[in-house]
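Here, each number is a calculation from the coordinates, and none is a lab measurement. This is a predicted model, so every value here is computed, not measured. FYI the Cβ positions are ideal-geometry reconstructions off the backbone, even for glycines, and counts take in every protein chain you see.
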Amino acid sequence: MTTPYNGFARTVRGARDVRPENNKMAQSQRPLSPHLEIYKPQLTSVLSIFHRLTGVGLAVGTLFLTWWLIAAAIGPGAFETTQAFYGSWFGYLVLFGFSVCLFYHLCNGVRHLAWDLGYGFEIEDVYRSGWAMLATSVTLTAVAWMIGLRIGG
Amino acid sequence: MSLRTPLGRVRGLGAAREGTGHFWAQRLTAVALVPLTFFFVVFVFLMIGADHARAVALMGNPLVAVIMLLFIVAGFYHMKLGMQVVIEDYIHHEGIKTASVLLVLLGSFALGTACVFAVLKLAFGG
């Protein structure tokens, strides 16, 4: 009786183990590709990073938004408490952070939508839209606070 | 030469079997949120120093309530999509990644539902 051919088992047994923990090559000191901290910060990368950070900031801000709306739904007492909070210095800080994130993410989001349509990919266009976006978001934030403080203050 | 089968190409779902659904929904909500965000800012202006009666009166306007609902739905959906990408990019442990994505999904549903309920309750008279 002959042993049935088992090419699969033979192949597996003979194969080089390529898992990193069992691989001498992977353990050796090979050069790593340069990472973020190696590079000088550029407008392009910094604005991109802040788009993500402001997005996460807005996600945190939704907790405050939900608290505010739910308090209003609960009744006059609860709503008065939240309104007093947003009138305090810490409330102003939260609102300021939220407004910065909101206008930044809005303006840079419009920039992203333009890219999605295929516009503004030349390097000088990317820099121009970057500075324009920064100026617009700062202006919008400042205008919003001037209006807000005029109404509230 | 493409190594993809004709069926795979025509389905257009790619290696993750999802296609461009996530990308498209992110952009769709982004476009919607551009005007909705300006409306929301105006709404916040109108609510500065407001008491409960004013909040009820403001939300009692159908236009205000409906646009607030649109802002909330588009905003929380956009948040879910964005936070999912952030988690998938930076959390590499498979279990923690899955748990975090679930938490974001359920959390945005819960917060969004709470906001929708609050707006509806105010709109219908507090």
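The residues of the stretch A:51-89 that are closer than 16 Å to residue B:122 by Cα, small (Gly, Ala, Ser) and either at the interface with another protein chain (Cβ under 7 Å from one of its Cβ atoms) or not in a helix (DSSP H, G or I) (or both), listed by number, are A:72, A:73, A:75.
Can you give me the number of residues within the stretch B:79-116 that are surrounded by fewer than 17 Cβ atoms within 10 Å (Cβ to Cβ) and out of contact with any helix residue (DSSP H, G or I) (no Cβ under 7 Å at 6 or more places or on another chain)? Going through the stretch B:79-116 one residue at a time, the tally reaches 16.
Does residue B:50 satisfy being hydrophobic (A, V, I, L, M, F, W, C), in a loop (DSSP other than H, G, I, E, B) and surrounded by 12 or more Cβ atoms within 10 Å (Cβ to Cβ)? Criteria met by residue B:50. For the stretch B:1-55, filtered to residues that are more than 30 Å from residue B:120 (Cα to Cα) and among the polar types (S, T, N, Q), the residue that is nearest to the other protein chains (Cβ to nearest Cβ) is B:20. When the stretch A:90-124 is filtered for residues that are outside any helix (DSSP H, G or I) and touching a residue at least 40 places away in the same chain (Cβ under 8 Å), nothing remains.
Taking residues in the stretch B:93-118 that are more than 13 Å from chain A (Cβ to nearest Cβ) and of a type in the set (Val, Ile, Thr), and partners anywhere that are surrounded by 13 or more Cβ atoms within 10 Å (Cβ to Cβ) and in a helix (DSSP H, G or I), the pairs with Cβ atoms closer than 6 Å and at least 6 places apart or on different chains are B:101/B:84; B:101/B:87.
Only one entry of A:126, A:138, A:143 meets the criterion of being more than 12 Å from chain B (Cβ to nearest Cβ), of a type outside the set (Phe, Trp, Tyr) and over 16 Å from residue A:44 (Cα atoms), and that entry is A:138. Looking at residue A:78, is it among the small types (Gly, Ala, Ser) and within 22 Å of residue B:108 (Cα to Cα)? No.
Kindly indicate whether any position in the stretch A:45-63 is farther than 18 Å from residue B:26 by Cα, over 24 Å from the mean Cα position of the chain (by Cα) and surrounded by fewer than 18 Cβ atoms within 10 Å (Cβ to Cβ). There is no residue in the stretch A:45-63 that is farther than 18 Å from residue B:26 by Cα, over 24 Å from the mean Cα position of the chain (by Cα) and surrounded by fewer than 18 Cβ atoms within 10 Å (Cβ to Cβ).
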